[in-house]
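Read the structure below first, then the notes.
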Amino acid sequence: MENVDVVVLVDSGASHNFISPKITSALGLQVTPMAARSIKLGDGHKVVSQGMCNGVKINMGSVMVEVDALVLDLGGLDVVLGVSWLSTLGKVMMDWKALSMQFWHKDKLVVLQGQGGNQEQQGFLNSFLANRHASLGEVWKWSKEEKQSTSTDMNPEELRAILS
């Protein structure tokens, strides 16, 4: 975005695209006022949009993305790309282990690579999630998987058989 690095969350659980009012102000982007629109987050918590920002251009490496985005306080995130953008891509191949996604855009294969995130970034993400009660989609720019303890009544062989 105009030679400014932004933190982007690609979220298949978000119906729309969102942009932080901090970014719209910092870049002087035009925000079109609209009737208050209540946005329901994954946990049922509702927040109100502050308008619409049309034609937001985001340079994501080898592809320039142009989206319309609702202006919404996103905590420390700058942009959320939801299903309204993802649905324009057609078929997408995800590699969850490598944190990458591939799709064709204008007859060219595009590969977006998530970043492995350091401790500071992971703490920031956890803080955002705790404060915003948001559901986590795919995180590009700084995602890192956390190990969580889980219990199961199945042994590893049974799990492999089910997943095969």
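Condition check ((1) touching a strand residue (DSSP E or B) at 6+ places or on another chain (Cβ under 6 Å); (2) within 27 Å of residue 112 (Cβ to Cβ); (3) surrounded by 13 or more Cβ atoms within 10 Å (Cβ to Cβ)) across all residues:
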residue: 10; (1), (2), (3): yes, yes, yes
residue: 16; (1), (2), (3): yes, yes, yes
residue: 19; (1), (2), (3): yes, yes, yes
residue: 27; (1), (2), (3): no, yes, yes
residue: 33; (1), (2), (3): no, no, no
residue: 36; (1), (2), (3): yes, no, no
residue: 39; (1), (2), (3): yes, yes, yes
residue: 44; (1), (2), (3): no, no, no
What's the total number of residues in the range 11-43 that are in a loop (DSSP other than H, G, I, E, B), under 17 Å from residue 82 (Cα atoms) and at pLDDT below 85? 4
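Can you spot a residue in the range 87-100 that is surrounded by 18 or more Cβ atoms within 10 Å (Cβ to Cβ) and either over 16 Å from residue 6 (Cα atoms) or basic (Lys, Arg) (or both)?
Initial filter on the range 87-100 (surrounded by 18 or more Cβ atoms within 10 Å (Cβ to Cβ)): 99.
This time we only want the ones that are either over 16 Å from residue 6 (Cα atoms) or basic (Lys, Arg) (or both), so: 99.
Checked against the condition, which is being surrounded by 18 or more Cβ atoms within 10 Å (Cβ to Cβ) and either over 16 Å from residue 6 (Cα atoms) or basic (Lys, Arg) (or both), the range 87-100 yields at least one hit.
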Taking the range 51-79 on its own, how many of its residues are closer than 16 Å to residue 5 by Cβ and outside any strand (DSSP E or B)? 5
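The values are calculated or read from the model by the stated rules, or taken from the named source; none is laboratory data. Values in this document were obtained by computation on a predicted structure and should not be read as measured data. Don't worry about glycine lacking a Cβ; one is built from the backbone with ideal geometry, like all the others, and counts go over all protein chains shown.
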